[in-house]
Amino acid sequence: MTLRKILIHPDPRLKKVAQPVASVNDDMRRLADDMLETMYDAPGIGLAAPQIAVMDRMLVMDCAKEDDATPEPMVLINPEVVWTSEERNVYEEGCLSIPEQYAEVERPAEVEVSWMDLDGKTRRERFDGLWATCVQHEIDHLDGKLFIDYLRPLKRQMITRKMQKLKREMARG
Ligand code: K1U
Ligand code: ZN
């Protein structure tokens, strides 16, 4: 398994729509392992392939985040939201591609998602709570959308400027 570098906003690759995966093979399984390792190492509760510059529609997540919780890693290929609840939920979101910036985002409280698993089987499940927030945040990454795109333009600009400064500092070393 290999730790992959996470792209930091602003980066044109984070604004692109990822491509559907045709079939599951060993390369995809290795990519899933790398993504889970990268997510746990960050640490984070989700990661979408475009965040590591892979433009495939694949995401990983594990929202069982209590310290003593049993890990519940999930790998979703070609995920699609097939139902959303009327009820909405507000959660203070973060993003591994926008480090140390958090903001409240309102989304459907429950969603039903269909996807292909690593055995190539179609799965369908209803998510609520943090799992629902996380799966929507990750599917947005596959569509080139970031949580800051839900914010007022001024707040979004402020965060983008902070990230540009961070990237300049990181490049200087
Ligand atoms: O997609 C990402 O950038 C990962 C992101 C997922 C996410 C967080 C919050 C709401 C929706 C989606 C993160 O994992 S940010 C880090 C984080 O939330 C966290 C890290 C360690 C423990 C608990 C949470
Ligand atoms: Zn994110």
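The values are calculated or read from the model by the stated rules, or taken from the named source; none is laboratory data. Only a predicted model underlies this, so the values are computations on that prediction, with no experimental measurement involved. Ideal geometry is used to build each Cβ from the backbone, glycine not excepted, and the neighbour counts take in all protein chains shown.
May I ask you to list the residues in region 84-110 that are of a type in the set (Gly, Ala, Ser) and either assigned to a strand (DSSP E or B) or more than 16 Å from ligand 2 (Cβ to nearest atom) (or both)?
Answer for region 84-110, where residues must be of a type in the set (Gly, Ala, Ser) and either assigned to a strand (DSSP E or B) or more than 16 Å from ligand 2 (Cβ to nearest atom) (or both): Ser85, Gly94, Ala103, Ala109.
Has region 19-35 got at least one residue that is part of a helix (DSSP H, G or I), in contact (Cβ under 8 Å) with a residue 24 or more places away in the chain and within 16 Å of ligand 2 (Cβ to nearest atom)?
Within region 19-35, one or more residues are part of a helix (DSSP H, G or I), in contact (Cβ under 8 Å) with a residue 24 or more places away in the chain and within 16 Å of ligand 2 (Cβ to nearest atom).
Quick check, is Ile45 farther than 25 Å from Arg168 by Cα and away from ligand 1 (no atom under 15 Å from the Cβ)?
Against the criterion (farther than 25 Å from Arg168 by Cα and away from ligand 1 (no atom under 15 Å from the Cβ)), Ile45 does not qualify.
Check Ile139 against each of (1) part of a strand (DSSP E or B); (2) touching a residue at least 24 places away in the same chain (Cβ under 8 Å); (3) within 16 Å of ligand 2 (Cβ to nearest atom) and name the one condition it does not meet.
(1) is the only condition that Ile139 fails.
Given (1) modelled with pLDDT of 95 or more; (2) within 11 Å of ligand 1 (Cβ to nearest atom), where does Lys65 come up short, assuming only one miss?
It fails just one condition, (1).
Against the condition in a loop (DSSP other than H, G, I, E, B), away from ligand 1 (no atom under 14 Å from the Cβ), over 20 Å from Leu3 (Cα atoms) and not hydrophobic (A, V, I, L, M, F, W, C), how does Gly120 come out, does it pass?
Yes, satisfied.
Please go through region 125-134 and pick out each residue that is closer than 15 Å to Trp115 by Cβ, more than 12 Å from ligand 2 (Cβ to nearest atom) and assigned to a helix (DSSP H, G or I).
Trp131, Ala132
Of the residues Val54, Val81, Val113, which is surrounded by 14 or more Cβ atoms within 10 Å (Cβ to Cβ), part of a loop (DSSP other than H, G, I, E, B) and away from ligand 2 (no atom under 14 Å from the Cβ)?
Result of the check over Val54, Val81, Val113: Val54.
Within region 84-106, which residues are touching a residue at least 24 places away in the same chain (Cβ under 8 Å), near ligand 1 (Cβ under 9 Å from one of its atoms), out of contact with any Phe, Trp or Tyr (no Cβ under 7 Å at 6 or more places or on another chain) and not polar (S, T, N, Q)?
Tyr91, Leu96, Ile98, Pro99
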